[in-house]
Amino acid sequence: MILTDTHTHLYSEEFDQDRDEMIRRAIAEGVTRFFVPSIDSSYTQKMYALEKAYPDNIYLMIGLHPCYVKENYEQELAHVEAALEQREFKAIGEIGIDLYWDKTTLDIQKIAFRRQIQLAKKYKLPINIHCREAFDEIFEVLELEKSEDLFGIFHCFSGTYEQALQAISYNMKLGIGGVVTFKNGKIDQFLEQIDLKHIVLETDSPYLAPVPYRGKRNESGYTKLVAEKLAGLYQLPIEEIARITTENSKAIFGI
């Protein structure tokens, strides 16, 4: 059984004390594919080091996270462009709009989001979308950019059934993580109505740990708990959930 964590911040300082042990635990649980999103340029070298240490397991994205879109965003986008010219990445991410922490940067968040979507098209790469309290704003940008070569993952999907269908209409898979195990997560109430071909698994570790670890540090090995929850919702063996969602991840990332 091969499980794929399509979104994990393995370079996070929260793993500094036990990173290798945590990765080994995940591999022991069957999680052998880790896709690592970028936040900003300050983490790039740590990402490269992780890839070098686990070349058969860890795959990198590049991008500027919306919460890090500040007055220096042009400089950060230049870093993303330069990195793309120098080497291969599996996606542009995580990118998008976050209105939970700071609404004042909405205009430049939109600019950064569109510019990075355009980079993804230029390099024929998927995007990995971060959306927090910003579905309308995200969909507005996707509507402007929609095309055959726009595709990717709507990371940490936590919207409604209608929003799920809208995300799928833009060639997005839904990244399902710990929220599906929460009592108030709500997506478990309709998820089985969404064809599994549109679903990928993720943890977003070290954030959003699934039940029974909610509120504690998340880790990639907990992808298996998400898969178990989906097995119950879809009434399928966990092995089938793992197979389908890993195939979906291969279709997106090309590996």
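The values are calculated or read from the model by the stated rules, or taken from the named source; none is laboratory data. None of these values were measured; they are calculated from a predicted model. All Cβ positions, glycine included, derive from the backbone under ideal geometry; neighbour counts span all protein chains shown. Protein only, heavy atoms only, side chains kept; ligands, DNA and RNA dropped before computing areas. Shrake-Rupley method; radii C 1.70, N 1.55, O 1.52, S 1.80 Å.
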* Please state which of the following conditions residue 137 fails to meet, knowing it meets all the rest: (1) free of Cβ contacts under 8 Å to residues at least 40 places away in the same chain; (2) assigned to a helix (DSSP H, G or I); (3) surrounded by 14 or more Cβ atoms within 10 Å (Cβ to Cβ). => (1)
* Asked: Is one or more of the residues making up segment 177-197 in contact with a strand residue (DSSP E or B) (Cβ under 6 Å, 6 or more places away or on another chain), modelled with pLDDT of 95 or more and either in a helix (DSSP H, G or I) or open to solvent by less than 20 Å² (accessible area, probe 1.4 Å) (or both)?
  -> no
* Kindly indicate whether any position in segment 161-172 is touching a Leu at 6+ places or on another chain (Cβ under 9 Å), farther than 20 Å from residue 37 by Cα, part of a loop (DSSP other than H, G, I, E, B) and not β-branched (Val, Ile, Thr). => yes
* Structure fact -> The number of residues in segment 53-87 that are over 18 Å from the mean Cα position of the chain (by Cα) and open to solvent by 40 Å² or more (accessible area, probe 1.4 Å) is 14
* Number of the condition not met by residue 74 [criteria: (1) closer than 30 Å to residue 245 by Cβ; (2) without any contact (Cβ under 8 Å) to a residue 12 or more places away in the chain; (3) acidic (Asp, Glu)] -> (1)
* Structure fact -> When residue 21 is run through (1) under 30 Å from residue 109 (Cβ atoms); (2) open to solvent by 60 Å² or more (accessible area, probe 1.4 Å), the failure sits at (1)
* Asked: Would you say residue 160 is farther than 19 Å from residue 254 by Cα and touching a residue at least 40 places away in the same chain (Cβ under 8 Å)?
  -> no
* Asked: Does at least one position in segment 8-17 carry a residue that is surrounded by 22 or more Cβ atoms within 10 Å (Cβ to Cβ), assigned to a strand (DSSP E or B), of a type outside the set (A, V, I, L, M) and at pLDDT 95 or above?
  -> yes
* So which of 207, 222 is part of a helix (DSSP H, G or I), open to solvent by 20 Å² or more (accessible area, probe 1.4 Å), out of contact with any Leu (no Cβ under 9 Å at 6 or more places or on another chain) and within 24 Å of residue 36 (Cα to Cα)? -> 222
* Write out, first by first residue and then by second, each pair whose Cβ atoms fall under 6 Å of each other, whose residues are 6+ apart or on separate chains, and whose first residue, in segment 23-39, is over 11 Å from residue 59 (Cβ atoms) and touching a residue at least 12 places away in the same chain (Cβ under 8 Å) while the second is β-branched (Val, Ile, Thr) and open to solvent by 60 Å² or more (accessible area, probe 1.4 Å). => 32/2
* Asked: So which residues in segment 142-160 are part of a helix (DSSP H, G or I) and within 18 Å of the chain's Cα centre (by Cα)?
  -> 142
